[in-house]
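The structure under discussion appears below in the form of structure tokens.
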Amino acid sequence: MGTHRGRLVLATTIMGSGIALLDGTVVNVALPTIGRELGAQLSGLQWVVNAYALTLAALILLGGSLGDRFGRRRVYAVGVGAFGLASIACALSPSIELLVAARAVQGVGAALLVPGSLAILQASFHPDDRMAAIGAWTGLLGVASASGPVVGGWLVDLDWRWAFWLNVPLCAAVIVLASRAVPESRNAGADHSFDAAGVVLAAAGLGGVTYALTVAPEQPGVLSIGAGVVGVAALATFVQRERRTAHPLVPPRLFANRVFTAVNVVTLLVYAGLSAALLFVVLFLQVSGGWSALAAGAATLPLSVVMLLLASRFGGLATRHGPRRYMTGGTLVAAAGFVLLAFAPRHPSYVLHVLPGMTLVGLGLSMTVAPLTGTVLAAAPDELAGTASGVNNAVSRTAGLVAVAALPPLVGLGGAAYADPALLAPAYRAAMLVCAGLVALGAVVTVVGLAVGRERTEPKCAAQPHLDLTAR
């Protein structure tokens, strides 16, 4: 940690992961502006988010295994390069269809770089410094998360295309740093076979279901319904294949552990509620409240700041006292924050109607996220700790993918209705209450699934020299 090269390796991994994190925040803030300039319906804006999330969620486990096989630095650099090239395509997109296609390619690049980031830290640093390096990585990414809404809002007010142009020089810098500072590493004990058919089935399943949820409310017909049927069938086939193949993408024995299964269900509920809620908040503040993109983006800043300040603290408390009480309390506190946000008036005051709710959501997530991730890792066998982390990451992203596709039609919002303040306001309120219910349900699953005496929170995988960490 104290060497010049160590600092360069750390900077390289933080910059690459930070680009992907910042891009997602900026795109959420830019959606209303993109919709106006490209003449997009709500389904098109949903696909701007979902195309990226779909390819990332479907391929993130494969990205980690490719790094083991072909070299973590190489695959990381390829992912960053693909992300940068796709960003150029996004910035130049003349239509919503081309923008969605470019966002899908961005997701492929992110699927290669996201798991590679922590894997590089794991392979590059001395065992005594690994946890310190990972802690620095987490904290500095929190700074990127906190600054994302403000930077994004400022760029969108200038021109939404600058939100994508910003990625290009940053990606180039990461590739140069990686080639000069990051040592190449491979996992000599890794299985060089990977489940290509499983990857295809997972992508087809998620794509079909997401397409059906997004398109069917506006254009019900054979195509949308057929896509949903194909998607469900592909996911069912994926589950069956993973149970029978010799080289599963997701080893079924992971889910034989009650705690592992329960915490992944909590992850699904929490991130579904969070992803949909943040989408609705920025739409509501801009369309109904009349706020600028910069102001709407900055409104979410307390959430990131509170997490930056408190997440590591609650992680330490959960290690000493067990995660159950913090995950239960955290999900309930976050749900209360969503309820407060739900009852904001059509023209909200930031101090009275937005700040309290966002602060509560940030506090709740600070209490929840670190214990949740640590429990998932501790519940898995040592030899599957990296895979367990990748599974949890994929679950969180899939949750956001499905929630963003499904919730707008469920609350009666479709077509161009998102641009009508009178129609958006009641849909926003209903959506926020649904999100609060999802997160509160996570508290119930925590109480039932993490029975006293079954909790194990030691992050044992952190000290394993041959395991890849692909935590969020």
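Summary of values
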read-out	value
Computed log₁₀ I(q)/I(0) - Debye formula, equal Cα scatterers, no solvent, region 1-185, q 0.12 Å⁻¹	-0.55
Fewest-first sequence of F280, F343 by Cβ atoms within 10 Å of each Cβ	F343, F280
Mean projection area, nm², convex hull over Cα of region 281-351	5.3
Taking only Cα atoms of the chain, radius of gyration then Dmax in Å	20.9, 61
Cβ-defined net charge surrounding A181, 11 Å radius [Lys, Arg +1; Asp, Glu -1]	+4
Inter-site label distance for L352 and E37 at 7 Å from Cα along Cβ, in nm	3.5
Rg over Rh [alpha-carbon atoms, Kirkwood Rh] for region 276-418	1.03
Full-extension gain in nm, V229 to R186, via 0.36 nm per residue minus C-alpha separation	11.5 nm
Value of [θ]222 nm, deg cm²/dmol, for the chain, DSSP H segments ≥ 4, -39500 (n - 2.57) each, nearest 500	-27000 deg cm²/dmol
Approximate spin-label separation S179-H4, in nm, with each point projected 7 Å along Cα-to-Cβ	2.0
Rule-of-thumb Rg ratio for region 195-248 [Cα; 2.2 N^0.38 Å; N residues]	1.24
Residue-by-residue Karplus 3J(HN,Hα) for region 313-322, coefficients 6.51, -1.76, 1.60, Hz, glycine and proline x	5, 5, x, x, 5, 5, 5, 7, 10, x
Under the Debye formula (equal points on every Cα, no solvent term), log10 I(q)/I(0) of region 1-50 at q = 0.16, 0.21 Å⁻¹	-0.57, -0.73
Normalised contact order of region 195-248, rounded percent, pairs of Cα under 8 Å and 6 or more residues apart	47
Acute angle (nearest 10 degrees) that the helix 222-244 long axis makes with the longest principal axis of the chain, alpha-carbon atoms	20
Ascending count of other beta-carbon atoms within 10 Å, so fewest first, for H321, H4, H353	H4, H321, H353
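None of the figures in this text is laboratory data; all of them are computed from the coordinates on show. Everything numeric in this text was worked out from a predicted model, so none of it was measured. With ideal geometry, Cβ positions are generated from the backbone for all residues, glycine too; neighbour counts draw on all protein chains shown.
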